[in-house]
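Asks: Let me begin by handing over the structure; questions about it come next.
The values are calculated or read from the model by the stated rules, or taken from the named source; none is laboratory data. In this text, all values refer to a predicted model and were calculated from it rather than measured experimentally. Note: ideal-geometry Cβ built from the backbone for every residue, glycine included; neighbour counts use all protein chains shown. All accessible areas refer to the heavy atoms of the entire protein, side chains included, with ligands and DNA or RNA removed. Shrake-Rupley method; radii C 1.70, N 1.55, O 1.52, S 1.80 Å.
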Amino acid sequence: MTKLTVWSMRSVAFLYQPYIVPLFLIVAGLYFTIRTGLIQFRLFGESIHVVAEKPKEKGSISSFGALMVSTASRVGTGNIVGVSTAICLGGFGAVFWMWVVALLGGASAFIESALAQVYKKRDADGSSYGGPSYYMEQALHQRWLGVIFAVVLILTYVVGYNMLASYNLQDAFAGFGFYAKSRTPYVIGAVLAVLFAVCVLGGGKRLTNITGVLVPVMGVLYILVSLIVIFMNIKIFPSVIANIFRDAFNFKAAFSGFAGSCIMWGIKRGLYSNEAGMGSAPNAAATADVSHPAKQGLVQMLSVFIDTLLICSATAFMCLCSGVVPTKEAAGAAYVQASMQQALGSFGPIFIAVSMSLFAFTTLIGNYYYCEGCLKYILRRDPSKAGMTVFRLAATALVFVGAIVSAGLAWDTADMLQGTMVIINIPVILILGNKGVAVLKDYMRQRKEGKTPEFHAADIGITGTDYWN
């Protein structure tokens with residue numbers, strides 16, 4: 001075991017003690033749920049309505065386009081392998097705690113994305129950009145904090161998440177026997193790196209075009225197959241639901257070893273999957289051309305539900321309804337493939353491999369999309385063409401490296417970095433939460449008056465924004 005692996009394991013164990021990352025996520029989620037009047041339930045229908053709105057300016061990024069970029073990052077290999085790992089290592093109850101993180105996280109997602117819209121910047125071509133670094137600088141007047149967050153985000157996505165997506169994909173193909181198992185990581189890593197390079201060298205517009213097509217298609221197909229598996233095993237479905245809730249509330253077992261409990265695995269994999277409160281999705285939210293920041297907050301709230309309550313639940317139900325018993329040894333792609341083999345025969349593992357390929361690809365693209373904006377923030381300008389090419393090639397190289405590292409290093413690095421994002425972003429949005437709630441109240445007031453909501457920052461006491469005055 002390398003020194004780097006040991007260090008990453010210790011860092012993860014520290015961050016995910018009950019009083020750090022889990023506490024941050026749950027407290028923030030509960031606080032914003034109460035402050036917004038149960039927004040994730042009360043305005044769920046409204047979020048579906050606003051996602052279909054066209055952008056104000058022709059050619060701008062729509063709410064739907066920004067939603068697809070953030071969903072492309074959220075919906076990835078973690079929705080398959082992450083859920084499998086949580087079940088195998090945390091038990092049936094981990095699924096319940098993933099749901100809790102998503103439901104509470106919906107309110108946090110609204111606040112952070114609405115704030116990103118309020119403090120977004122206008123580019124030379126009239127488009128917008130922004131994210132947590134920008135509201136840290138403009139609202140808190142702490143540029144140093146924004147720079148730290150931007151650096152951590154780049155490390156999280158280019159190093160942590162993209163390496164992990166690459167590892168998970170090669171792991172899914174390892175058992176097919178197309179070629180020697182020892183060569184699988186190198187072949188899959190090389191193919192994925194080449195495809196990734198072709199996309200990112202085309203720039204941001206190409207990224208939104210690709211994700212806008214792939215994300216809806218792959219999500220719908222995946223859910224449809226999961227429904228087929230559930231209906232094929234409908235007799236045991238009630239017992240699966242009962243086991244999830246029974247294990248979730250077995251608090252004696254859960255808290256006797258918190259680091260390995262269903263609660264902790266549900267929180268870790270839930271966060272990895274839906275990213276609510278991390279400060280990642282606001283980078284996509286800020287690019288949307290909408291008439292009111294609350295609209296994009298509602299849209300990003302919807303993305304959390306798509307990710308966890310639909311895609312993650314689909315994986316969990318397919319696995320648990322198959323009758324294959326989860327074990328620690330099968331954690332990861334192996335358990336999902338065994339479950340699908342049992343449920344759908346030889347088609348099952350092939351379907352998972354194809355789904356993993358699409359999920360991994362869109363994850364890589366969505367993840368990278370965030371990093372260019374953060375790089376621009378750090379430098380205070382657009383990077384030079386040569387510098388951007390070097391950055392993109394470095395990101396491509398890390399995609400290949402991710403396929404050949406160990407499972408422990410891949411997962412622990414991602415967990416450590418995502419936890420660091422949480423402990424930076426959550427306190428900030430708690431401090432700025434009143435502004436996010438004021439945005440929501442302004443939106444609802446205009447809706448009640450029968451108006452099409454339009455935002456003017458001065459109406460809620462915010463001045464000096466680049467876009468809304």
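Asks: Within the bounds of segment 323-336, is there any residue that is open to solvent by 20 Å² or more (accessible area, probe 1.4 Å) and polar (S, T, N, Q)?
Replies: Yes, segment 323-336 contains a residue that is open to solvent by 20 Å² or more (accessible area, probe 1.4 Å) and polar (S, T, N, Q).
Asks: Confirm whether Ala139 is within 16 Å of Ile431 (Cα to Cα), open to solvent by 10 Å² or more (accessible area, probe 1.4 Å) and in contact (Cβ under 8 Å) with a residue 24 or more places away in the chain.
Replies: Values: within 16 Å of Ile431 (Cα to Cα): yes; open to solvent by 10 Å² or more (accessible area, probe 1.4 Å): yes; in contact (Cβ under 8 Å) with a residue 24 or more places away in the chain: yes.
Answer is yes for this residue.
Asks: What's the number of the condition Leu309 fails, among (1) of a type outside the set (S, T, N, Q); (2) at pLDDT 85 or above; (3) surrounded by fewer than 20 Cβ atoms within 10 Å (Cβ to Cβ)?
Replies: (2)
Asks: Looking at Gly126, Gly130, which one is in contact (Cβ under 8 Å) with a residue 12 or more places away in the chain, out of contact with any strand residue (DSSP E or B) (no Cβ under 6 Å at 6 or more places or on another chain) and not charged (D, E, K, R)? It would help to see each step written out before you state the result.
Replies: Numbers: Gly130 fails: out of contact with any strand residue (DSSP E or B) (no Cβ under 6 Å at 6 or more places or on another chain).
Checking each option against the conditions leaves just Gly126.
Asks: Which of the following residues is in contact (Cβ under 8 Å) with a residue 60 or more places away in the chain and loosely packed, with under 14 Cβ neighbours inside 10 Å: Ile431, Ile404?
Replies: Working: Ile404 fails: loosely packed, with under 14 Cβ neighbours inside 10 Å.
When all the criteria are applied, what remains is Ile431.
Asks: Another question about this same structure. Can you pull out every residue in segment 1-60 that is at pLDDT 75 or above, buried (at least 17 other Cβ atoms within 10 Å of the Cβ) and not in a helix (DSSP H, G or I)?
Replies: Thr36, Leu43, Val51
Asks: In segment 343-393, what residues are β-branched (Val, Ile, Thr) and open to solvent by 40 Å² or more (accessible area, probe 1.4 Å)? Steps first, answer last, please.
Replies: Our first condition is that a residue be β-branched (Val, Ile, Thr); within segment 343-393, this holds for 350, 352, 354, 362-363, 365, 378, 389-390.
Those that are β-branched (Val, Ile, Thr) and open to solvent by 40 Å² or more (accessible area, probe 1.4 Å): Ile350, Val354, Ile378, Thr389, Val390.
Asks: Right, next: Can you name the residue in segment 436-449 that is open to solvent by 70 Å² or more (accessible area, probe 1.4 Å) and not acidic (Asp, Glu) and is also farthest from Trp144 (Cα to Cα) among such residues? Walk me through how you get there before you give the answer.
Replies: Filtering segment 436-449 down to residues open to solvent by 70 Å² or more (accessible area, probe 1.4 Å) leaves 441, 445, 447-449.
With the extra rule that they be not acidic (Asp, Glu), the set shrinks to 441, 445, 447-448.
Values: Lys441: 31, Arg445: 36, Arg447: 38, Lys448: 40 Å.
Here the answer is Lys448.
Asks: Here's a follow-up. Limited to segment 432-454, what total is found for residues that are assigned to a helix (DSSP H, G or I) and out of contact with any Leu (no Cβ under 7 Å at 6 or more places or on another chain)?
Replies: Narrowing segment 432-454 to residues assigned to a helix (DSSP H, G or I): 433-448.
Pick out the ones that are also out of contact with any Leu (no Cβ under 7 Å at 6 or more places or on another chain) and you get 433-434, 437-448.
Summing the residues that are assigned to a helix (DSSP H, G or I) and out of contact with any Leu (no Cβ under 7 Å at 6 or more places or on another chain) in segment 432-454 gives 14.
Asks: Also, I was wondering about something else. Kindly indicate which of Val151, Val101, Val83, Val147 is out of contact with any Leu (no Cβ under 8 Å at 6 or more places or on another chain), among the β-branched types (Val, Ile, Thr) and crowded, with 24+ Cβ neighbours inside 10 Å.
Replies: On the way: Val151 fails: crowded, with 24+ Cβ neighbours inside 10 Å; Val101 fails: out of contact with any Leu (no Cβ under 8 Å at 6 or more places or on another chain); Val147 fails: crowded, with 24+ Cβ neighbours inside 10 Å.
That would be Val83, the only listed residue that is out of contact with any Leu (no Cβ under 8 Å at 6 or more places or on another chain), among the β-branched types (Val, Ile, Thr) and crowded, with 24+ Cβ neighbours inside 10 Å.
Asks: Determine which member of the set Ala414, Ala410 is crowded, with 20+ Cβ neighbours inside 10 Å, in contact with a Phe, Trp or Tyr (Cβ under 6 Å, 6 or more places away or on another chain) and under 17 Å from Met264 (Cα atoms). If you could, list the steps in order and put the result at the bottom.
Replies: Numbers: Ala410 fails: under 17 Å from Met264 (Cα atoms).
Unique residue meeting the criteria: Ala414.
Asks: So for segment 211-218 (the condition being at pLDDT 75 or above, of a type outside the set (Ser, Thr, Tyr) and either closer than 18 Å to Ile350 by Cα or more than 23 Å from the chain's Cα centre (by Cα) (or both)), does at least one residue qualify? First the steps, then the outcome.
Replies: Initially, segment 211-218 is screened for residues at pLDDT 75 or above, giving 217-218.
In the following step, the residues that additionally are of a type outside the set (Ser, Thr, Tyr) were identified as 217-218.
Now restrict to residues that are either closer than 18 Å to Ile350 by Cα or more than 23 Å from the chain's Cα centre (by Cα) (or both): 217-218.
Within segment 211-218 (the criterion being at pLDDT 75 or above, of a type outside the set (Ser, Thr, Tyr) and either closer than 18 Å to Ile350 by Cα or more than 23 Å from the chain's Cα centre (by Cα) (or both)), the answer is yes, since at least one residue qualifies.
Asks: Looking at Thr396, Thr389, Thr413, which is the one that is within 17 Å of the chain's Cα centre (by Cα) and under 22 Å from Ala190 (Cβ atoms)?
Replies: Numbers: Thr396 fails: within 17 Å of the chain's Cα centre (by Cα); Thr389 fails: within 17 Å of the chain's Cα centre (by Cα).
Exactly one of Thr396, Thr389, Thr413 is within 17 Å of the chain's Cα centre (by Cα) and under 22 Å from Ala190 (Cβ atoms), namely Thr413.
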